[in-house]
Amino acid sequence: MTEPMNLDAAAYTALGTPRDRVALPGSTFDGTVNVPVMHQAVKAFLANQRQGTHATKTRRWVVGGNQKPWKQKGTGRARQGSTRAPHFVGGGTVFGPQPHGYRENMPKQVRQLARKSALNARAREGALVIIDRFAYDKPKTAQIVNLVSRVEAEGKKVLILTDGAKPSVYLSARNIPGVEVRPYADVTAYDVVWSDVVLVEATALGHELAPVAEKAMDKVKKAAPAKAPKAAKAEKAPAKKPAAKKAAPKVAAKKAPAEKAAPKAAAKKAPAKKAAAPKKKGK
């Protein structure tokens, strides 16, 4: 437990424009941090997520082993009545887990104290940010991405608490890793403890912040490897030129023997004509 204190938080618009700091309401943010109650609430929340459907088979449920494996006497081995006894391979399990519930109930006031302590802990760390009003016309992921970038929460676990259900905000943030959206009335101590930065809508805390002029938002730049395609082209270009040079000699080598074969054929035909002439003189 800590002494009551006045806390304030940084404020931004829904598009990420900085505003003046806002004093947090003392009814909720009085600096009280009850660690044992927070631990109890988180432990109960995690226990209530368990289904408790684990089960193992005792020897009465294992199939087989109905017959005595060997006779009682004369084998020299210890007497056995079933191969499904726990000391046999494939036998039953002794004192194994059986289905049962893990649910832990906490009084409502204790849950509220744990949630209040978690919010105070984030406010004292400077990890609680006020957003004037989430008035998105339609879902757009780039709006939440830019907002997270403006509040310097990139790479952190961000919890966005809205004043009631805001489907446009939920649909805008559900595809961003590490960003969760909850109505302020439904948030639990576990949700706040899980997060690194908490963004709270001002109207959920009872504040009405006057609108301010929005500044131009910087677009989130994605790291694109521009040099990689150039390097790939440079590697492929030299590979084509040597292939063209090697192909030319092969074509020439095939044509050259065809031209030399013509004189050989003429040389073979000439002696055949000379041999025919002497036959006529003999007649």
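The values are calculated or read from the model by the stated rules, or taken from the named source; none is laboratory data. What you are looking at is a predicted structure, and each value in this text was computed from that prediction instead of being measured. Every residue, glycine among them, receives a Cβ derived from its backbone with ideal geometry; neighbour counts consider all protein chains shown.
Laid out as a table, the results:
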quantity	calculated
Residues of the stretch 68-115 classified as of a type in the set (S, T, N, Q) and either touching a residue at least 12 places away in the same chain (Cβ under 8 Å) or touching an Asp or Glu at 6+ places or on another chain (Cβ under 6 Å) (or both), total	6
Some residue of the stretch 22-30 being in a loop (DSSP other than H, G, I, E, B) and free of Cβ contacts under 8 Å to residues at least 40 places away in the same chain	yes
Criterion violated by Ser82 - all others in (1) outside the structural domain of Thr188 (by TED's automatic domain parsing); (2) under 30 Å from Thr188 (Cα atoms) satisfied	(2)
Identity of the residue in the stretch 184-210, out of contact with any Lys or Arg (no Cβ under 8 Å at 6 or more places or on another chain) and not hydrophobic (A, V, I, L, M, F, W, C), that ends up surrounded by the fewest Cβ atoms within 10 Å (Cβ to Cβ)	Glu208
Pairs with Cβ under 8 Å, 6+ apart, first in the stretch 34-47 and closer than 14 Å to Gln112 by Cβ and outside the structural domain of Pro107 (by TED's automatic domain parsing), second part of a helix (DSSP H, G or I) and hydroxyl-bearing (Ser, Thr, Tyr)	none
The stretch 145-182: number of residues that are of a type in the set (Lys, Arg) and either part of a helix (DSSP H, G or I) or free of Cβ contacts under 8 Å to residues at least 24 places away in the same chain (or both)	3
Of all residues in the stretch 100-144 being assigned to a loop (DSSP other than H, G, I, E, B) and of a type in the set (Gly, Ala, Ser), the one that is surrounded by the fewest Cβ atoms within 10 Å (Cβ to Cβ)	Gly101
Any hit, the stretch 193-200, residues being charged (D, E, K, R) and more than 30 Å from Gln40 (Cα to Cα)	no
